[in-house]
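Colleague: The structure that follows is given in the form of structure tokens.
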Amino acid sequence: MELEQILAKQFGYTAFRPGQKEVIEAILEGKDVIALLPTGMGKSLCYQLPGYILQKPVLIVSPLLSLMQDQVEELKRFGEKRVVALNSFLTVSEKRYVLHFLEQFRFIFTSPEMLLQQQVQDKLSQMQLGLIVVDEAHCISQWGFDFRPDYLRIGQWFSQANRPPVLALSATATNKVVNDIRDTLSLDSPFEFLYNVDRSNIHLGRVVFEDREDKVHWIIQHIKETAGPGILYMSSRKRAEQYSEVLIQAGIRAAAYHAGIGAEDRQFIQQQFIDGELDWIVATNAFGMGINKSDIRQVIHETMPANVENYMQEIGRAGRDGHPALAILLYCDSDVELAKFVVTGDLPTSGHVDRYQELLNQQIQPSQMLKNGELSETAFRVLDYWLQQETMEQVKVRLNHLALEKYRAVNEMEKISRTKDCIRKQLVGYFGQELLKKPENCCENCGINYDEINKARLKEEKKIEMIPWKSRLKQLLMGF
DNA sequence: CGAATTACACTTAAGTGTAATTCGGTGCCTTAAT
């Protein structure tokens with residue numbers, strides 16, 4: 001059967017989107033593939049469709065439990081029953097059952113941590129997989145080195161002989177990220193598909209402040225006068241809470257979102273935002289991955305993100321529907337030092353390496369450091385990982401290098417934040433691409449007619465307000 | 001690391017100067033004790 005026929009029969013689409021066919025063909029030829037496609041451009045089809053051609057299971061490594069759940073549900077909506085999320089949501093007996101019948105599933109979603117468990121490894125070693133997918137593969141680069149070391153360990157598992165082709169999917173396309181993916185997963189001269197990173201319908205605004213506190217008034221004023229839905233990114237949980245409170249006081253339908261909020265509430269807030277019952281999410285960088293909402297009109301950064309990759313991912317959540325959207329970066333000089341601290345604050349230090357060794361010499365479990373509160377759990381896991389790979393001296397150099405690398409990334413973001421040149425050109429350039437055409441209302445430095453954009457967006461907002469029949473129906477039923 | 005806030009010491013008692021304290025992101029998984 002032709003690929004197009006399967007596309008129509010299984011998924012009900014009439015044509016491929018850019019990149020999908022090339023990527024799928026390469027997979028079917030048995031090649032490793034790195035596909036960098038913008039979010040919302042049908043990345044998941046790149047492994048879903050091969051799942052119906054390859055006669056063996058497809059294993060998808062995913063960074064978030066919520067993402068796995070979403071994708072399982074999506075496949076079920078397409079009528080697929082042989083799909084499972086192998087993760088900590090399963091009870092012990094469910095997990096035993098799933099593992100026992102693992103080869104029966106067509107799509108198996110799992111986390112790096114779960115994938116590396118001995119029982120899972122044992123089972124997989126007896127199976128023949130058709131394809132391994134690493135979804136949101138930039139997590140290898142973004143999280144592997146200093147946050148979730150199991151993202152690096154999966155590479156060691158991949159390096160074994162007799163593995164099926166690997167498909168790495170991401171929307172973040174710097175050379176460093178691509179190199180980290182290729183090296184860590186030991187990909188064999190992969191086929192690389194890179195999509196244009198520029199998003200011409202997102203206007204890149206910037207406002208410079210002398211003092212961080214001056215931003216408060218600007219934000220309240222701006223959000224009152226312009227249309228959502230929008231995301232306001234903050235640099236800390238506490239400030240996210242404070243700002244959401246202030247916006248609510250000002251009559252805005254807003255909610256805070258960060259990792260300190262329980263999973264259930266987070267799910268609820270996210271759903272309310274998607275359903276249009278909330279206009280603004282005031283969030284840390286915990287918010288966004290896997291969010292499927294096409295009509296986000298604004299993304300505001302109260303503080304500069306810690307690197308350009310994050311900035312790009314975060315603003316990229318706006319305007320997926322192709323209509324005009326606004327990204328505004330609020331910058332002040334003190335943001336730079338704050339970002340530097342935040343991104344290196346939880347890294348282990350050479351002092352911790354010495355202490356680890358000292359405890360070992362005294363025949364004490366190094367994990368004692370956790371109980372004393374000398375080190376966070378994350379930092380300990382990272383330290384433990386590297387000491388398994390390298391000597392003490394190498395680890396010290398490594399940690400030092402990691403911190404410098406993070407500082408460098410902050411400086412790159414600072415450079416783009418402060419540039420007097422075209423912001424879009426700088427941004428696209430950072431991803432190793434050239435800006436072919438400047439859109440109208442390109443960026444702060446090229447000139448943005450805010451009034452025009454806001455008027456257009458407010459008009460659109462009014463149009464939309466006629467539509468939500470669900471809430472109107474609810475009102476009618478409740479008798480108003 | 002650094003800024004902002006609070007605590008405290010000092011001395012013709014209410015303000016000044018300095019020291020101490022506090023705060024800062026991202027997620028898997030597990031398991032013991034409620």
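Colleague: Where Rh denotes the Kirkwood radius from the mean inverse Cα pair distance, what is Rg over Rh for region A:58-190?
Modeller: Values: Rg = 14.4 Å, Rh = 15.2 Å.
Taking Rh as the inverse mean 1/r over Cα pairs, Rg/Rh reads 0.95.
Colleague: I need A:Tyr430, A:Tyr195, A:Tyr243, A:Tyr97 ordered by Cβ neighbour count within 10 Å, fewest first. Please report the intermediate quantities before stating the final value.
Modeller: On the way: A:Tyr430 19, A:Tyr195 16, A:Tyr243 23, A:Tyr97 13.
Ascending Cβ contact count within 10 Å gives the list A:Tyr97, A:Tyr195, A:Tyr430, A:Tyr243.
Colleague: Just to verify a number: FRET efficiency for A:Ala259 and A:His217, C-beta to C-beta distance, R0 = 35 Å, to 0.05?
Modeller: Details: r = 28 Å, r/R0 = 0.80.
E(calc), rounded to 0.05, equals 0.80.
Colleague: Still on this structure, I have one more. Round to the nearest 0.05 the FRET efficiency obtained for A:Glu393 and A:Gln362 when R0 = 22 Å and r is the Cβ-Cβ distance. Let's see the in-between values first.
Modeller: Details: r = 21 Å, r/R0 = 0.93.
For A:Glu393 and A:Gln362, the calculated efficiency is 0.60.
Colleague: Please rank A:Leu152, A:Leu64, fewest neighbouring Cβ atoms within 10 Å first, as an exposure proxy. Each step should come with its number before you reach the end.
Modeller: Details: A:Leu152 21, A:Leu64 15.
Neighbour counts put them in this order, fewest first: A:Leu64, A:Leu152.
Colleague: In nm, to one decimal, how far is the modelled label at A:Asp188 from the one at A:Glu374, with both set 7 Å along Cα→Cβ?
Modeller: 4.5 nm
Colleague: How far apart, in nanometres, would the label points at A:Tyr195 and A:Arg17 be if each is projected 7 angstrom from Cα along the Cα-to-Cβ direction?
Modeller: Inter-label distance under the simple model: 0.5 nm.
Colleague: Follow-up question, since we're still on this one. Of all alpha-carbon pairs in region A:1-71, indicate the percentage at a distance above 15 angstrom. Show your work: numbers first, answer last.
Modeller: Working: 1405 of 2485 pairs.
The proportion of pairs with Cα distances above 15 Å equals 57 percent.
Colleague: Follow-up. With +1 on the Cβ of every Lys and Arg and -1 on the Cβ of every Asp and Glu, and nothing else charged, how large is the dipole of chain A about its Cα centre, in debye rounded to the nearest 20?
Modeller: Working: 56 positive and 63 negative charges, 217 e Å.
My answer is approximately 1040 debye.
Colleague: Where does each of A:Ser236, A:Ser88, A:Ser200, A:Ser62 land when they are ranked from fewest to most other beta-carbon atoms within 10 angstrom? List each step's numbers first, then the result.
Modeller: Working: A:Ser236 14, A:Ser88 11, A:Ser200 18, A:Ser62 24.
Ascending Cβ contact count within 10 Å gives the list A:Ser88, A:Ser236, A:Ser200, A:Ser62.
Colleague: Convert 37 °C to kelvin, take the viscosity as 0.692 mPa s, use the Kirkwood radius over C-alpha pairs of chain A as Rh, and evaluate the Stokes-Einstein diffusion coefficient in µm²/s, rounded to a whole number.
Modeller: Values: Rh = 24.3 Å.
For these conditions, the coefficient is 135 µm²/s.
Colleague: If I stretch the segment between A:Leu64 and A:Asp354 completely, what's the gain in nm (0.36 nm per residue apart, minus their alpha carbon distance), one decimal? Walk me through the numbers before you get to the answer.
Modeller: Values: separation 290, 0.36 × 290 = 104.40 nm, distance 3.37 nm.
Result: 101.0 nm gained on full extension.
Colleague: Follow-up. Please give the residues of region A:60-97, grouped as numeric ranges, whose backbone N is less than 20 Å from a label point set 7 Å along the Cα-to-Cβ vector of A:Lys9.
Modeller: A:75-83
Colleague: Which aspartates and glutamates have a Cα lying under 20 Å from the Cα of A:Lys455, excluding residues fewer than 8 positions away in the same chain?
Modeller: Partners found: A:Glu225, A:Asp279, A:Asp295, A:Asp321, A:Glu440, A:Glu444, A:Glu465.
Colleague: Positive end of the charge dipole of chain A (Lys, Arg +1 and Asp, Glu -1 on Cβ, about the Cα centre): tell me which of A:Leu435, A:Phe193, A:Phe105 has its Cα farthest that way.
Modeller: The Cα lying farthest towards the positive end belongs to A:Phe105.
Colleague: Now for a separate question. So how many Lys-Lys pairs in region A:1-88 land under 23 Å Cα to Cα, not counting same-chain pairs under 8 apart?
Modeller: Taking region A:1-88 as the scope, the lysine pair count is 16.
Colleague: Moving on to the next point. Full extension from A:Val342 to A:Gln249: what is 0.36 nm times the residue separation minus their Cα-Cα distance, to one decimal in nm? Don't jump to the answer; show the numbers that get you there.
Modeller: Details: separation 93, 0.36 × 93 = 33.48 nm, distance 2.90 nm.
Here the answer is 30.6 nm.
Colleague: Shifting gears a bit: Have a look at the DSSP beta bridges in chain A and tell me what percent are antiparallel, nearest 5.
Modeller: Numbers: 0 of 47 bridges.
Close to 0 percent.
Colleague: Choose one of A:Asn454, A:His203, A:Leu3: the residue whose Cα lies farthest towards the positive end of the charge dipole of chain A (beta-carbon charges +1 Lys, Arg; -1 Asp, Glu; about the Cα centre).
Modeller: My answer, from the dipole projection, is A:Leu3.
Colleague: To continue, here is another question. Taking 7 Å along the Cα-to-C-beta vector as the label spot, tell me the A:Asn175-A:Arg96 distance in nanometres, rounded to one decimal.
Modeller: Going from the A:Asn175 label point to the A:Arg96 one covers 5.3 nm.
Just so you know, all these numbers are worked out from the coordinates, no wet-lab data involved. As the structure is a prediction and not an experimental result, all values here were calculated from the model. All Cβ positions, even for glycine, are placed from backbone atoms using ideal geometry, and neighbour counts span all protein chains on display.
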